[in-house]
Structures are given as C-alpha cells and as structure tokens.
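Okay, so here's the structure we're looking at.
The values are calculated or read from the model by the stated rules, or taken from the named source; none is laboratory data. These numbers come from a predicted model, not from an experiment. What goes into the accessible areas is simple: the full protein's heavy atoms, side chains included, and nothing from ligands, DNA or RNA. Shrake-Rupley method; radii C 1.70, N 1.55, O 1.52, S 1.80 Å.
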Amino acid sequence: MVFDATSLVWLLFWLLILASMLNPILAVRRLQAARLELIRSMEKKYGWRVITMIHREERVSFFGIPLRRFIDIDDSEAVIRAIRSTPPEKPIALILHTPGGLVLAASQIARALKRHRGRKIVIVPHYAMSGGTLIALAADEIRMDPNAVLGPLDPQLSAGPTGPAVPAPSVVKVARMKGKDAQDTTLILADVAEKAIEEMMEVITELLQDKMGVEKARETAVLLTEGRWTHDYPITFEKAREIGLPVSDEVPPEVYQLMELYPQAPANRPGVEYLPQPIPYLPGQKGAGDKA
C-alpha cells in the first residue's frame with residue numbers, strides 16, 4: 001500500500017490522538033504499581049498490614065477531569081474488606097488523608113477498625129478532618145506529622161435540596177434563641193440536629209472509652225461536637241495531645257514518599273516550587289547541621 005503525503009499526515013494525526021488518550025491511563029497504572037510496591041516494602045519492614053485511604057484530585061480519564069473525593073460507602077466497603085482479610089492479631093496501619101465524608105461510612109470504618117484484635121495505628125501525614133478524625137479515634141495510636149491536623153466532629157446538616165450544609169450545634173442554638181418565633185422547618189431541623197449530635201457523641205464515646213474511661217470519653221465527645229469551633233478548625237498535634245488523644249509524631253518516612261505518588265490534578269496544583277535536595281530531609285532523620 002502506497003501512502004501519499006496527505007494520508008501520512010492523517011495517520012500521524014490519529015496516532016498522536018491515540019497516544020494522548022493512552023498516556024494518562026498508562027501514567028495512572030505506573031503510579032498504582034509504584035504505590036503497591038512501596039506499600040509492600042512497608043509491610044515487610046514494619047510487620048503491619050498497610051491500608052490507605054487517600055483522597056486527592058487525580059486525573060481519572062484521558063480528558064484529565066479532576067474528581068473530588070470524600071469518604072463514601074465504596075470506601076467503607078473496601079476498607080472493611082481489607083480489615084476482614086487481615087489476620088486477627090496482625091497490626092493494621094491505616095494511612096489517612098481526607099477532608100471527611102459520610103458519617104455512616106466513616107463510623108462503619110471506625111467500628112470495624114476498633115473490632116480488630118491486633119494493634120491499630122492511624123497515620124496522618126497532612127490532614128484527616130471530620131469523618132477522618134472519627135476513624136482516627138478508633139486507633140490505639142495516632143501518628144501525626146507535627147504539622148498535620150485533625151478536625152471537629154460536629155454533624156453537618158443539609159438546610160435544603162440546594163442549600164449549603166449547616167452545623168448542627170448552630171441550628172440548635174438558633175432554634176433556642178428564636179423560641180416560639182422559629183419556623184416549623186427550623187424546629188424540625190433543630191430536632192434532627194439534636195439527634196445527630198447525640199448519635200455522634202455516642203460513637204465517639206464508644207471509640208474512646210477503653211483508652212480514657214467513660215467519663216473522660218464523654219467529655220471529649222462533647223468537646224468535639226458542641227460547636228465550640230468551626231467545622232474546619234485545625235486540631236493540631238499539640239491540641240490533640242492536650243485533649244488526651246493517643247498521638248505521636250513517629251511517622252515512617254515511607255509515608256511521605258507514598259504521598260508523592262498521589263498527585264493532584266496539574267491544573268489545580270499550587271504555585272509552590274523549590275530545588276530538590278539529593279537526600280530529602282524527613283522527620284526522624286538528622287540533617288547535616290544537626291548535632292548527634
């Protein structure tokens with residue numbers, strides 16, 4: 001078969017289109033393979049069963065469309081399946097990076113993790129807010145980067161089909177302030193809000209009572225759900241320790257390497273650049289200028 005110049009141009013054009021479609025798919029598979037290899041090496045080194053739940057914006061199709069991820073039922077099914085397949089006495093290390101999500105899904109994961117007989121470690125390299133914090137409370141030990149944060153657990157309620165989510169404690173407060181002048185819809189929402197707060201407190205108390213006693217666990221549940229802070233308030237490492245949570249800053253260096261294998265969508269990357277050093281400095285390592 002003889003190709004003229006026009007046919008050759010069209011052939012090259014379609015080959016370029018095909019390559020542009022396949023390249024993101026192959027890149028995702030390479031990242032997945034690298035992540036699994038690093039997880040495998042961590043399990044061998046530390047003797048843990050390593051499970052990750054990392055929610056970022058990733059390119060998931062050849063169009064490069066970013067999808068925002070939250071804790072959902074698919075996550076709870078997958079994590080519970082991983083916990084169920086772990087030998088009863090084997091330690092589990094759950095690496096969390098999430099803005100939160102469905103209370104139902106997060107509480108299912110937390111309770112499943114709690115029931116595991118082996119040691120439970122939750123590792124937070126950057127943040128585990130809302131439902132992520134609820135899951136962390138199920139652990140025997142929460143390993144946080146010194147700059148990582150957790151978040152409050154005040155339930156968020158939908159104010160309507162198109163309205164934004166509103167904090168349950170605020171709904172209760174407004175209904176009490178208005179009293180008889182409050183609309184029926186506000187009173188109904190306040191009733192649901194009170195139930196949601198009490199249910200969340202019950203779960204928190206259940207997760208913490210073996211570590212700090214029932215009374216202290218209930219006090220901590222009140223602190224995390226009463227609306228003292230906004231829902232995105234950062235509970236720092238120091239604040240978590242002050243509250244009485246079992247935190248430490250012993251994050252394995254491999255966790256930071258793993259996070260690099262979960263890239264954000266390029267269009268949404270922050271404008272941060274720096275020259276990489278030959279040997280990255282990670283917490284727990286001594287720099288060249290540190291004294292022995």
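A cut-off of 5 Å between modelled amide H atoms, ignoring neighbours fewer than 5 places along the same chain, links R49 with I92, A93. Largest first, the residues R111, R35 sort by 1.4 Å accessible area into R111, R35.
Between amide H atoms placed 1.01 Å from N, distances below 5 Å from I123 occur with L94, I95, L96, R143, all of them 5 or more places distant or on a separate chain.
Rounded to the nearest 10 square angstrom, D181 shows an accessible area of 130 square angstrom against a 1.4 Å probe.
Taking every protein chain into account, the 1.4 Å probe leaves H126 with about 110 Å² of accessible area, to the nearest ten. Within the assembled protein chains, the solvent-accessible surface assigned to M212 is about 40 Å², based on a 1.4 Å probe. Under the criterion of Cα pairs below 8 Å and six or more residues apart, the relative contact order for region 174-234 equals 24 percent.
When the solvent-accessible area of region 78-201 is split by element, carbon and sulfur atoms take up 57 percent of it, the probe being 1.4 Å. A 1.4 Å probe run over the protein chains yields, for region 191-259, 51 Å² of accessible area per residue, whole-number rounding. In order along region 229-238, the Karplus-derived 3J(HN,Hα) couplings, from 6.51 cos²θ - 1.76 cosθ + 1.60 at θ = phi - 60°, round to 10, 5, 5, 9, 4, x, 8, 6, 4, 5 Hz, and Gly and Pro are given as x.
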